[in-house]
Amino acid sequence: MTTDLVTYYGQTELINQLVNNYGAYLEKLNRETKLLLRVTLSTYIVMQQEYTPSEYPVSTALEDGLCELVIPDSIPQDLYDVCSVLNGLTTLEAETLLEALQHQIRWGNAQKLAS
């Protein structure tokens with residue numbers, strides 16, 4: 001098994017679109033963007049307990065989760081683009097992406113190299 005896969009299971013059409021845009025291992029996204037995407041997806045999952053994907057899209061989770069943590073002007077454009085691709089994301093798809101991001105950040109193509 002390849003260690004940087006976007007998902008280990010549950011590949012959906014929406015995730016396939018993300019893969020088509022950013023690579024099979026999301027290698028076109030840098031470490032910072034993947035870390036911020038993790039925050040965004042976590043916020044999205046929490047809010048899906050009260051709202052539907054159409055009532056609370058990933059782009060709203062981006063704004064809610066990051067504008068308090070990061071100066072809004074410093075959010076990478078790639079992250080806005082990813083969130084627009086993920087419109088209509090289910091919580092299962094979000095959890096699947098979180099697993100893949102965690103693995104990439106810890107062990108894969110987005111890990112922090114020792115200095």
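The values are calculated or read from the model by the stated rules, or taken from the named source; none is laboratory data. Note that this is a predicted model, so its numbers are computed, not measured. Cβ coordinates were reconstructed from backbone atoms using ideal geometry, including for glycine residues, and neighbour counts include every protein chain displayed. Remember, those area values only see protein heavy atoms, side chains included, never the ligands or the DNA or RNA. Shrake-Rupley method; radii C 1.70, N 1.55, O 1.52, S 1.80 Å.
Can you check what the Kirkwood hydrodynamic radius comes to for the chain, Cα pairs only, in Å to one decimal?
So the Kirkwood estimate lands at 14.2 Å.
Got a number for the accessible area of residue 106? Probe 1.4 Å, square angstrom, nearest 10.
130
Put 12, 40, 52 in order of accessible area, largest first, 1.4 Å probe: what do you get?
52, 12, 40
Before I look further, what does the chain give for accessible area per residue, probe 1.4 Å, in whole square angstrom?
So the chain comes to 56 Å² accessible per residue, rounded to a whole number.
So what's the gap between the Cα centers of the range 33-50 and the range 89-115, to the nearest angstrom?
The distance from the Cα centre of the range 33-50 to that of the range 89-115 comes to 12 Å.
Based on Cβ point charges of +1 for Lys and Arg and -1 for Asp and Glu, what charge dipole magnitude is obtained for the chain about its Cα centre, in debye rounded to the nearest 20?
Using only the charged Cβ atoms, the result is roughly 480 debye.
Decide, for the range 29-76, between rounded, prolate and oblate: order the square roots of the alpha carbon gyration tensor eigenvalues as a ≥ b ≥ c, take rounded if a/c falls under 1.5, and otherwise choose prolate if a/b is larger than b/c, else oblate.
Prolate, because a/c is 1.5 or more and a/b exceeds b/c.
Can you tell me how the range 48-115 classifies by the Cα gyration tensor, rounded, prolate or oblate, using a/c under 1.5 as the rounded cut?
oblate
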